[in-house]
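Computed from the coordinates by the stated procedures, all read-outs in this text should not be read as laboratory data. Predicted model, so just to flag it, every value in this text is computed and none were measured. Every residue, glycine among them, receives a Cβ derived from its backbone with ideal geometry; neighbour counts consider all protein chains shown.
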Amino acid sequence: MVRVTLVGGEESQFEVAAQCSLLVGAEQGGRSCIPVGCRGGGCGLCKVRVLDGAYRIKRMSRAHISEVEAANGYVLACRVFPLTDVVIELAATESEAQ
C-alpha cells in the first residue's frame, strides 16, 4: 500500500493498493476527492498533478494531457499507478482557469 496525499483546498489522505490506479484507490477508500468520468482516460475529468513521488502511467489522450503538462507532472488519475507515497493536487477545471 502507498499513501496518497491530496493538497490544496481540503487536504485528504488515502491508501492505494499495489496495481491500483489513483482513481480506483480513492474510490475503494470511499473518497470522492477526485472527479470521476469514463475511468478509461478518454474524458479528462480526473486530471491531477503529481507533486512528489514515483509512479507509472498507462497511455493517456494528448487531448487531455499535453507533452508539456506530462513533463510538469500532470496525469489522469485513472491512468496513473503510484509506486511510492505520492502528493497530488487536482488540476484546475477550464471554468476555474478562466
- Message: Can you tell me how many residues within the range 42-85 are assigned to a loop (DSSP other than H, G, I, E, B) and in contact (Cβ under 8 Å) with a residue 12 or more places away in the chain?
- Response: 18
- Query: (1) surrounded by 13 or more Cβ atoms within 10 Å (Cβ to Cβ); (2) free of Cβ contacts under 8 Å to residues at least 60 places away in the same chain: which one isn't true of Ile88, the others all being true?
  - Reply: (2)
- Query: Which residues, counting only those in the range 8-28, are aliphatic (A, V, I, L, M) and surrounded by fewer than 15 Cβ atoms within 10 Å (Cβ to Cβ)?
  - Reply: Ala17, Ala18
- Which one of these does Glu67 not meet: (1) loosely packed, with under 13 Cβ neighbours inside 10 Å; (2) closer than 17 Å to Gly25 by Cβ; (3) among the acidic types (Asp, Glu)? (2)
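Can you name every residue in the range 1-41 that is assigned to a strand (DSSP E or B) and either small (Gly, Ala, Ser) or in contact (Cβ under 8 Å) with a residue 60 or more places away in the chain (or both)?
To start, the set of residues in the range 1-41 that are assigned to a strand (DSSP E or B) comprises 2-7, 12-16.
Within the range 1-41, Val2, Arg3, Val4, Thr5, Leu6, Val7, Ser12, Val16 qualify.
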- Can you tell me which residue in the range 29-52 is surrounded by the most Cβ atoms within 10 Å (Cβ to Cβ), limited to those that are under 21 Å from Val68 (Cα atoms) and aliphatic (A, V, I, L, M)? Val48
